[in-house]
Amino acid sequence: MNITIIGTGYVGLVTGACFADLGNTVICADNNKGKIASLKKMVMPIYEPGLAELVKRNVKEKRLFFTSDIKEAVKKSKIIFIAVGTPPLDNGEADLTGVENVAKVIAKNINGYKLIVEKSTVPVETGFWVAHTIKVNVPHPKKEKIKFDVASNPEFLREGQAINDFMHPDRIVIGVESQAAKELLCELYKPLKTHIVVTDIKSAEIIKHASNSFLATKISFINAIARICELVGADVVKVADGMGLDKRIGRAFLDAGIGYGGSCFPKDLDAFITIAKKNGYDFELLKMVREINEFQKGDIVKRIKDALWIIKDKQIGILGLSFKPNTDDLRSAPSIDIIKRLQSEGAKIKAYDPQSMGKAKEILPGVTFCKDAYAAAQGADCQVVVTEWNEFKELDFPRLKKSMRQAVMVDGRNIYDPEIMKKHGFRYVGIGRGKVK
Ligand code: NAD
């Protein structure tokens, strides 16, 4: 099939490359000319395992193309995915101006039947507004003749394992309101041989917000359990293991720690709370989820202070900056908040992250970026695990301890065994792992 993906970011680029790999002809279009110029030179704008190879292969085999000429891309394709960003506004609503702009460009360049698919995460009823925007912007002479459908096809891929998630999804959700749209999307996804949930557009839009909100709720729930564990002297990791083996609950997303971040959960929760309120429902449960998550970030700073007494002039090593492992994405990463709070109290920060230091240098002035975890620990009064990259799980602890001024390990992701850390001579501070004085 001929497909255009408008918006060539984490979602658009992965989606485009994967659809091309399945044998389709795909144009990835973006209004960021610099990004398109880099992609044409095979320079990836993001780090995502396996992506560079996938893109290169499909460009070479002439199935994947890049352009900043969105009008031409619209004209050439029957199926157009909208994968632009939907960042949060100050009032919590999703900023949908990118989606509206794309809908206008599609309307002005429509030259036959088109299926316009929302891939971006959008609030319920966006599908209606996309269709309305296209209808009112189609140039007059074409107005009566032009036929199009709008569909919702929310994306569930996780950064860091996006290609695998795209190629082996748990399910595909498509919200459609015509037989033609249903048939086209079912045909497109047929090679993935997975369960396709077909709904109306509004239900599909809500499935995405409800799924992200539920996952965030699991994280805040286990963080609340971690607090009780600390009050009574229990271990939240063992509690999560015991709960998670119940198939009705599941172990995933039951890891207590600094809390969630990233470009999706915080903004999608805000948007869901806001759209619910607009429609007359006060989503108090999600407000509490958000509050618990905010508390976790401040609490880790308090734990560091409790361990070091005075923060001013103390040297703190930060392990991990990206919002989660295997990505260089720093959007709403807890590390930024934590580092800024520590700096505001006079701490000196040394940091190491395997992938995101290039981006971090632009937003975290005053931080010394190091070549590895050991360099970040050199002379440190405390080492803080912020992102659970695999390479931090198996460090040479005697070497680490030797290079630090004080052997204090604040494990914001509970990746270490408290007993083993104590044996290595560290003062260990985890989250929800026994009584805290
Ligand atoms: P991103 O910021 O990485 O990419 C968005 C791209 O859209 C950018 O390259 C930008 O230049 C381009 N763009 C913006 N306005 C445009 C316009 N008018 N015309 C053409 N291009 C335009 O964002 P992302 O992380 O890929 O997310 C995209 C959407 O997918 C968001 O709604 C997000 O919530 C959703 N989503 C993201 C993830 C994820 O893990 N990142 C997962 C599922 C869903």
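The values are calculated or read from the model by the stated rules, or taken from the named source; none is laboratory data. Quick caveat, the model's predicted, so the values are computed rather than measured. Backbone-built Cβ (ideal geometry, glycine too); neighbour counts: all protein chains shown.
Checked against the criterion of being outside any helix (DSSP H, G or I) and more than 16 Å from the ligand (Cβ to nearest atom), the candidates GLY242, GLY257 yield just one match: GLY257. Within the stretch 416-435, can you find the residues that are surrounded by fewer than 20 Cβ atoms within 10 Å (Cβ to Cβ) and either among the hydrophobic types (A, V, I, L, M, F, W, C) or part of a loop (DSSP other than H, G, I, E, B) (or both)? Matches in the stretch 416-435: ASP417, ILE420, MET421, HIS424, GLY425, GLY434, LYS435. Suppose we keep only residues that are of a type in the set (D, E, K, R) and more than 15 Å from ASP270 (Cβ to Cβ) within the stretch 195-216. Which one would you say is farthest from the ligand (Cβ to nearest atom)? Within the stretch 195-216, the match that is farthest from the ligand (Cβ to nearest atom) is ASP200.
Scanning the stretch 339-386 for residues that are touching a helix residue (DSSP H, G or I) at 6+ places or on another chain (Cβ under 8 Å), assigned to a helix (DSSP H, G or I) and among the β-branched types (Val, Ile, Thr) yields one hit, ILE363. Out of all the residues in the stretch 317-324, is one or more in contact with a strand residue (DSSP E or B) (Cβ under 7 Å, 6 or more places away or on another chain), hydrophobic (A, V, I, L, M, F, W, C) and surrounded by fewer than 24 Cβ atoms within 10 Å (Cβ to Cβ)? Among the residues of the stretch 317-324, not one is in contact with a strand residue (DSSP E or B) (Cβ under 7 Å, 6 or more places away or on another chain), hydrophobic (A, V, I, L, M, F, W, C) and surrounded by fewer than 24 Cβ atoms within 10 Å (Cβ to Cβ), which makes the answer no. For the stretch 197-218, what are the residues that are in contact with a Leu (Cβ under 8 Å, 6 or more places away or on another chain) and either surrounded by fewer than 17 Cβ atoms within 10 Å (Cβ to Cβ) or under 23 Å from THR86 (Cα atoms) (or both)? Residues satisfying the conditions are ASN212, SER213, ALA216, THR217. When residues in the stretch 145-166 are screened for being part of a loop (DSSP other than H, G, I, E, B) and within 16 Å of the ligand (Cβ to nearest atom), 9 of them pass. Residues that are at pLDDT 95 or above and farther than 30 Å from ASN414 by Cα occur at least once in the stretch 160-168.
Only a single item in (1) within 19 Å of LYS208 (Cβ to Cβ); (2) more than 15 Å from the ligand (Cβ to nearest atom) is not met by VAL122, and it is number (2). Identify all residues within the stretch 286-301 that are among the hydrophobic types (A, V, I, L, M, F, W, C) and either within 13 Å of ILE273 (Cβ to Cβ) or crowded, with 17+ Cβ neighbours inside 10 Å (or both); write none if there are none. Hits for the stretch 286-301 are LEU286, MET288, VAL289, ILE292, ILE300, VAL301. Criterion applied to TYR352, TYR281 was being at pLDDT 95 or above, surrounded by 18 or more Cβ atoms within 10 Å (Cβ to Cβ), more than 16 Å from the ligand (Cβ to nearest atom) and among the aromatic types (Phe, Trp, Tyr), and the one residue passing it is TYR352. Within the stretch 126-144, identify whether any single residue is away from the ligand (no atom under 16 Å from the Cβ), surrounded by fewer than 17 Cβ atoms within 10 Å (Cβ to Cβ) and either in contact (Cβ under 8 Å) with a residue 40 or more places away in the chain or among the hydroxyl-bearing types (Ser, Thr, Tyr) (or both), and answer yes or no. Looking through the stretch 126-144, at least one residue is away from the ligand (no atom under 16 Å from the Cβ), surrounded by fewer than 17 Cβ atoms within 10 Å (Cβ to Cβ) and either in contact (Cβ under 8 Å) with a residue 40 or more places away in the chain or among the hydroxyl-bearing types (Ser, Thr, Tyr) (or both).
Restricted to the stretch 1-79, the set of strands (runs of 3 or more DSSP E) holding at least 3 residues that are surrounded by 14 or more Cβ atoms within 10 Å (Cβ to Cβ) and within 11 Å of the ligand (Cβ to nearest atom) comprises 2-6. Could you tell me whether ILE174 is within 16 Å of the ligand (Cβ to nearest atom), farther than 16 Å from GLY16 by Cα, buried (at least 16 other Cβ atoms within 10 Å of the Cβ) and not small (Gly, Ala, Ser)? Yes, satisfied.
Answer yes or no: is there a residue in the stretch 334-345 that is more than 16 Å from the ligand (Cβ to nearest atom), over 25 Å from the mean Cα position of the chain (by Cα) and aliphatic (A, V, I, L, M). Within the stretch 334-345, none of the residues are more than 16 Å from the ligand (Cβ to nearest atom), over 25 Å from the mean Cα position of the chain (by Cα) and aliphatic (A, V, I, L, M).
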